[in-house]
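Just below is one structure, and these are the notes that go with it.
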């Protein structure tokens, strides 16, 4: 599997495009907006869009999903159904965050712990990781030791929990009990900022690492 990261929206959210090298089928993860940038990568790499994946319902991660799904005629998978209220409230989110008007959508499939998503010969494992939002999920490519975590964990920080449905205790438990056990060598793509490894965060992240881990 190969991947590239496309920063979108004024919040510089990391939209990830993952693809199968053999079939060129691709998944777009967290199409928050700036669809022209996403479409340009799909065209440049000669990719065949297969699915849209959504880690959680915040607008910078999901604001462009409805439009892109229509343009590409592909299914939407994720997030967990506990994020329905965020997705149905896209208009309110647009006003709250000062972003372009976004449309709600109904996923083709709500995701839960243990589900699998597939495109080409690639299979991703779904981890339910509540805390930032109640229905937040992460996607793990076990053969490539690559994790797409949305806004659960960042380099040197963790996701905010002060928005509706946030839960700090649940967030820290998701990181320690779902993510860290995958192994120190696992690379992860966060929702914002640079990539890191689970080992680096376990050792040095002031919120969940070192003596606090």
**Request:** Would you kindly calculate the mean projected area, averaged across all directions, of the convex hull enclosing the Cα atoms of region 102-190, in square nanometres?
**Result:** 6.8
**Message:** Give me the extension gain from residue 106 to residue 46: residue separation times 0.36 nm, minus the current Cα-Cα distance, reported in nm with one decimal.
**Reply:** 18.8 nm
**Full-stretch length increase - residue 203, residue 85 - with 0.36 nm per residue and alpha-carbon distance subtracted** = 39.0 nm
**Request:** First obtain the Kirkwood hydrodynamic radius of region 1-119 from its Cα pairs, then insert it into the Stokes-Einstein equation at 25 °C and 0.890 mPa s, and state the resulting D in µm² per second as a whole number.
**Result:** 174
**Prompt:** With r defined as the distance between the Cβ atoms of residue 184 and residue 36 and R0 fixed at 41 Å, what FRET efficiency is calculated, to the nearest 0.05?
**Reply:** 0.60
**Item:** Cα gyration tensor shape of region 44-170, rounded if a/c is under 1.5, else prolate or oblate by comparing a/b with b/c
**Value:** oblate
**Prompt:** Once you treat every alpha carbon in the chain as an equal point and sum by Debye, what is log10 I(q)/I(0) at q = 0.12, 0.14, 0.15 Å⁻¹?
**Reply:** -0.55, -0.76, -0.88
**Scattering profile of region 26-84 at q = 0.24, 0.27 Å⁻¹ [log10 I(q)/I(0), Debye over alpha-carbon scatterers]** = -0.94, -1.15
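Quick note: the coordinates plus some simple rules give every number you see, no bench work behind them. Computed from a prediction, not measured in an experiment: that's the story for all the values here. Here the Cβ is made from the backbone with ideal geometry for all residues, glycine too, and neighbour counts use every protein chain on show.
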